[in-house]
């Protein structure tokens, strides 16, 4: 058995959750915050049999799409004034960890 931790953008989380549950994966949802942009993420936790890991990862990848957004990089001083410069960043997608499970007990 494996434990999958999938960190996805909040914008994608409901679609990923729906797809996993429709495919009969039991999923726990946690609200988390990313460190770089300090924006909301969702961490999905699911325990899966070894032979279902690739299917779960594929389902996550199908729904968690990368996209480009602009964010403020800070303040730049120009011509005696301050200006905020936008920076292009890639958001979305998923960060997935697959861990071995030594024991699984459902009480």
Exercise. From the set of residues in the stretch 80-107 that are at positive phi and touching a helix residue (DSSP H, G or I) at 6+ places or on another chain (Cβ under 9 Å), which is modelled with the highest pLDDT?
Worked result: 93
Problem set entry | Residue in the stretch 15-23 that is surrounded by 16 or more Cβ atoms within 10 Å (Cβ to Cβ) and closer than 16 Å to residue 97 by Cβ present | yes
Exercise. List pairs: first in the stretch 64-79 and at positive phi, second at pLDDT below 60 and assigned to a strand (DSSP E or B), Cβ under 7 Å, 6+ apart or cross-chain?
Worked result: none
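The values are calculated or read from the model by the stated rules, or taken from the named source; none is laboratory data. Keep in mind the model is a prediction, meaning the values are calculated, not measured. All Cβ positions, glycine included, derive from the backbone under ideal geometry; neighbour counts span all protein chains shown.
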